[in-house]
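The values are calculated or read from the model by the stated rules, or taken from the named source; none is laboratory data. Owing to the predicted nature of the structure, the values given are computational and were not obtained by experimental measurement. As a convention, Cβ positions derive from the backbone with ideal geometry for all residues, glycine included, and neighbour counts pool all protein chains shown. Heads up: the accessible areas ignore ligands, DNA and RNA and are worked out on the full protein's heavy atoms, side chains in. Shrake-Rupley method; radii C 1.70, N 1.55, O 1.52, S 1.80 Å.
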Amino acid sequence: MKSVVTTVIAAADAAGRFPSTSDLESVQGSIQRSAARLEAAEKLAANLDNVAKEAYDACIKKYSYLNNAGEANSTDTYKAKCARDIKHYMRLIQYCLVVGGTGPLDEWGISGQREVYRALGLPTAPYVEALSFARNRGCAPRDMSPQALSEYNTLLDYAINSLS
Amino acid sequence: MLDAFSKAVVAADASTSVVGDIGKLKQFVAEGNRRLDAVNAIASNASCMVSDAVAGMICENQGLIQAGGNCYPNRRMAACLRDGEIILRYVSYALLAGDASVLDDRCLNGLKETYAALGVPTTSTVRAVQIMKAQAAAHIADNPSEARAGAKLRKMGTPVVNDRCASLVAEASSYFDRVIAALS
């Protein structure tokens, strides 16, 4: 899993040297910037279910045709799966906040995403709507500090871009 | 390769739950500078640590530098010093990452079998690693006493506080123990 620390170690190992002063400085820089993302991760973890539920409700409200017979949100099983998918994205975003990079989203969310949705015949627009709702719902300083919110929004944007 | 953060993520993903124990990671961040001091203490003293460890190992077993010993011609002695440095280097990476995966994957995996195939005596290797473990503990704690060091007393001058990085000494020791366990 890529992070600042593992990148630094991989580079030092490739050169066969001990961690140098500049290696340690770049790790220190990443550590100093980590307070905001850890705050966002902590608050998102505490409210993940609610955030995901609101985002799911918002996208079904906008794309209400999904409730029609035969559509992706028509039965209870489908509804549960849709809600679960949104929750998966929010969980991966939380992982990215913890790691401090887009590794978890890239490896576990985006890789193969297009192929899966095409095979299952799922529209991506509702996912975009759900994540956009979460993007606009977050509010500083009510939910988290401005720095933390900006880290969180950056990752939501990243996920939205991957879907659109 | 994992670090303290990605290890938490991989563990949480195994149960499809969010990373709940943020407090531990915050502590990792809060102690970050001390960790970097500890890595620096090892990296800056590496060549001294390695040569002392190998010298100590040979001191206790003179047979190693006699004809037929595993450190006998300079070529094999050099290989021995190089291996000591490699092991110490991966321990310093593990300490920097706060996770042993880099040490396991890139250094210890297959090391015992390689040494067995090359006829390297692992008891001697383990002894050298034990000496490096003691040295690392001393360098990280950076608290030499007048009584032992005498005129050679020298401090790195890292701004550590009173607990003298006890947790980092323990963590570094655990990585050396991992090397010893992998070899024996």
Exercise for the section: With a 1.4 Å probe and every protein chain kept in, tell me what percent of the accessible surface of chain A is carbon plus sulfur. Expected result: 52 percent
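Determine the shape class of the range B:1-46: with a ≥ b ≥ c the square roots of the Cα gyration tensor eigenvalues, call it rounded for a/c under 1.5, and otherwise prolate if a/b is greater than b/c, oblate otherwise.
Values: a/c = 6.72, a/b = 2.17, b/c = 3.10.
Taking the square roots of the gyration eigenvalues as a ≥ b ≥ c, the range B:1-46 is oblate.
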Handout entry: For A:89-99, mean number of other protein chain Cβ atoms within 10 Å
Key = 5
Exercise for the section: Starting with the highest mean, order A:1-8, B:166-173 by the number of other Cβ atoms within 10 Å, averaged over the residues of each peptide. Expected result: A:1-8, B:166-173
Practice task
Note down, for the range B:7-86, the three equivalent ellipsoid semi-axes (square root of 5 times each alpha carbon gyration tensor eigenvalue), biggest first, whole angstrom.
Solution key: 43, 17, 9
Handout entry: Degrees, to the nearest 10: A:34-62 long Cα axis against longest axis of chain A
Key = 10 degrees
Practice task
Can you pull out the buried accessible area for chains A and B, both sides counted, probe 1.4 Å, rounded to the nearest 100 Å²?
Solution key: 3000 Å²
Problem - Per-residue [θ]222 nm for the protein assembly as shown (sum of -39500 (n - 2.57) over DSSP H runs n ≥ 4, rounded to 500) - result: -22500 deg cm²/dmol
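Tell me, what is the percent relative contact order of chain A, built from C-alpha pairs under 8 Å that lie six or more residues apart? Can you show the working numbers first?
Values: 160 pairs, mean separation 47.7, N = 164.
It comes to 29 percent, rounded to a whole number.
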Practice task
Work out Dmax and Rg for chain B from the C-alpha atoms and quote the Rg first, both in angstrom.
Solution key: 18.3, 60
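Could you work out the relative contact order of chain B, using alpha carbon pairs under 8 angstrom and six or more residues apart, expressed as a whole percent?
Working: 163 pairs, mean separation 49.2, N = 184.
Computed over chain B, the figure is 27 percent.
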Problem - Across B:Lys7/B:Lys133; A:Lys62/B:Lys7; B:Lys26/B:Lys112; A:Lys2/A:Lys87; A:Lys79/B:Lys24, pairs whose alpha-carbon gap is larger than 28 Å - result: A:Lys62/B:Lys7; B:Lys26/B:Lys112; A:Lys79/B:Lys24
Exercise for the section: Could you estimate the translational diffusion coefficient of the protein assembly as shown from the Stokes-Einstein equation, with Rh from the Kirkwood formula over C-alpha pairs, at 37 °C and 0.692 mPa s, in whole µm²/s? Expected result: 142 µm²/s
Handout entry: Quotient of C-alpha Rg and 2.2 N^0.38 Å, computed over the range A:55-164
Key = 1.09
Practice task
Arrange the peptides A:16-25, B:67-76, A:90-99, B:134-143 so that the one whose residues have, on average, the most other Cβ atoms within 10 Å appears first.
Solution key: A:90-99, B:134-143, A:16-25, B:67-76
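Find the accessible area per residue for the range B:28-176; the probe is 1.4 Å, ligands and nucleic acids are left out, and the unit is Å².
Details: 7280 Å² over 149 residues.
Solvent-accessible surface per residue comes out at 49 Å².
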Exercise for the section: Would you work out the charge dipole size for the protein assembly as shown about its Cα centre, treating the Cβ of every Lys and Arg as +1 and the Cβ of every Asp and Glu as -1, and quote it to the nearest 20 debye? Expected result: 220 debye
Handout entry: Average other protein chain Cβ within 10 Å of Cβ, residues A:103-110
Key = 1
